[in-house]
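Asker: This is the structure I have questions about; it appears just below.
The values are calculated or read from the model by the stated rules, or taken from the named source; none is laboratory data. This is a predicted model, so every value here is computed, not measured. Reconstructed Cβ throughout: ideal geometry from the backbone, glycine too, with neighbour counts over all protein chains shown. In case anyone asks, the SASA skips ligands and DNA or RNA and just uses the protein heavy atoms, side chains included. Shrake-Rupley method; radii C 1.70, N 1.55, O 1.52, S 1.80 Å.
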Amino acid sequence: MSGKMGVSRSGCANVAVLLAIGAIWFAGSTQREKPVVGDRHQSKVAALENDAALKPNDAAKLNELAQAYLDARAPGMALAAIERAPEAIRAQPSVEHLYARALLDQGRSADALAAERRVLARCADPSADAPTCSTYLLASATRRADILEQLVQLGVEDAQAHPEASALAYHNATRQVSFAVP
């Protein structure tokens, strides 16, 4: 009877060792990494990457690509695309505005504020080589700069990590004052 117990215990030990080896093998097996850009955006982003590569001096192509990355929740890719662009393209107010958005999405409020201030300064520059800024771009950059200013004053670097403080900054930047006329 004691001989059967010994075999049974060693059999259990063997099973336990085999299960441990199987668990280690399963945990260490190669798994597919999550794609940087989700399936829903992948074909659009691929086409825009191709267009931007073919026309590296086209600010509109870079804007489309950076916006697609932002839509796909890949702000790091938007930052990289803009930072690789030629200096003349990066200095365009529309590109700088998207750069500020990507910085904000990356949790870099102070850097985003500096970028929006560059947009506003460039739009206000009366020199002949200054590009014309649309009223939409000017209004959007002004509004975002106001919100970013509040975030920075509140000490919030990552707006997504601090939703309550972000809501307060948004409220402070967008509140309106009304007057009652007697």
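Asker: Please specify each residue of segment 71-86 satisfying the condition of being among the hydrophobic types (A, V, I, L, M, F, W, C) and surrounded by 18 or more Cβ atoms within 10 Å (Cβ to Cβ).
Answerer: The answer is Ala72, Ala74, Met77, Ala78, Leu79, Ala81, Ile82, Ala85.
Asker: Restricting to segment 36-59, give me the number of residues that are at pLDDT below 85, open to solvent by less than 70 Å² (accessible area, probe 1.4 Å) and in contact with a helix residue (DSSP H, G or I) (Cβ under 8 Å, 6 or more places away or on another chain).
Answerer: Selection size over segment 36-59: 2.
Asker: Also: Anything in segment 39-86 that is under 23 Å from Asp111 (Cβ atoms) and outside any helix (DSSP H, G or I)? List them, or say none.
Answerer: Ala72, Arg73, Ala74, Ala85, Pro86
Asker: Identify, please: which residue in segment 106-129 is assigned to a helix (DSSP H, G or I) and open to solvent by less than 40 Å² (accessible area, probe 1.4 Å) and is, among those, farthest from Thr142 (Cα to Cα)?
Answerer: My answer is Ser109.
Asker: Could you list, in sequence order, all residues of segment 152-177 that are among the hydrophobic types (A, V, I, L, M, F, W, C) and within 16 Å of Gly107 (Cβ to Cβ)?
Answerer: Matches in segment 152-177: Val152, Leu154, Val156, Ala159, Ala161, Ala165, Ala169.
Asker: Separate question: Does at least one position in segment 21-34 carry a residue that is assigned to a helix (DSSP H, G or I), modelled with pLDDT of 70 or more, touching a helix residue (DSSP H, G or I) at 6+ places or on another chain (Cβ under 6 Å) and open to solvent by 80 Å² or more (accessible area, probe 1.4 Å)?
Answerer: no
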